[in-house]
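Where a number appears in this text, it was derived from the coordinates with a stated rule and is not lab data. Quick caveat, the model's predicted, so the values are computed rather than measured. Glycine gets a Cβ as well: all are built from the backbone with ideal geometry, and neighbour counts include every protein chain shown.
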Amino acid sequence: MKQVKQYFEKHPKVSDVYLTADGFLFNNKISAQKHANTLKNKEVKRFVNDNIPVDTTPAKAYLATQPELKGVWVTTNKELFTCEDAAKSIDPQAVYVVINREDVSTSVNDQNGQDESQEALLELLEKTELVNKNYKVLKQLVIALKLEVKDQRSTTLIKALTEFKSTLKQV
């Protein structure tokens with residue numbers, strides 16, 4: 001579709017859009033479906049931006065903390081899944097990431113005393129914008145970094161990660 005291609009050219013960081021039968025584009029599926037419900041033709045088509053590579057950093061960081069898992073599926077939006085069908089239904093571009101357990105268990109501490117999995121977590125924390133839309137990644141970071149939080153609300157997770165980042169800068 002020409003309209004979708006033009007949209008992705010103007011917005012190269014957008015991973016997917018939803019097109020309703022009357023030609024309107026939406027960034028989220030729920031809005032597209034609500035609009036489609038007002039139309040005679042209720043069809044909504046999803047289009048994925050093929051120019052966005054899948055970032056496997058969150059998957060590697062998560063797997064480093066989950067010894068029982070061989071691998072996970074990661075979407076272009078950095079959502080993690082253990083089931084291929086679930087991942088592919090959300091994002092056809094989802095990729096399977098496997099971690100080499102020998103690399104994790106035999107990693108040698110670097111000069112800062114942190115192993116490779118810890119470095120991957122810190123790299124992910126640095127790359128991740130601490131905002132509500134990144135809730136799933138924020139939650140994974142809080143769990144993987146073993147931060148204590150009173151609840152799982154996004155504002156609580158953001159506060160905990162912000163405080164954690166500030167302690168890192170002080171060291």
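Key figures for this structure:
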item: Lysines whose Cα lies under 28 Å from that of K139, excluding same-chain neighbours fewer than 8 positions away; result: K13, K29, K60, K70, K78, K88, K127, K150, K159, K165, K169
item: Excluding exposed DSSP-loop trypsin sites (Lys or Arg not before Pro) (at most 15 other C-beta within 10 Å), longest clean stretch of the chain; result: 71-145
item: Given the chain, longest segment not containing exposed loop GluC sites (Glu not before Pro) (DSSP; at most 11 other Cβ within 10 Å); result: 69-128
item: Helix 154-170 vs. the chain, principal-axis angle (Cα, 0 to 90°, nearest 10); result: 40 degrees
item: q = 0.21, 0.25, 0.29 Å⁻¹: log10 I(q)/I(0) that the Debye formula gives for the stretch 2-48, counting C-alpha atoms only; result: -0.63, -0.83, -1.03
item: Using alpha-carbon coordinates, inclination of helix 116-127 to the longest axis of the chain, degrees; result: 50 degrees
item: Largest-first ellipsoid semi-axes for the chain, taking √(5λ) over the Cα gyration tensor eigenvalues, angstrom; result: 35, 19, 15
item: With Cα atoms, 0 to 90° folded angle of helix 135-144 axis to the chain main axis; result: 20 degrees
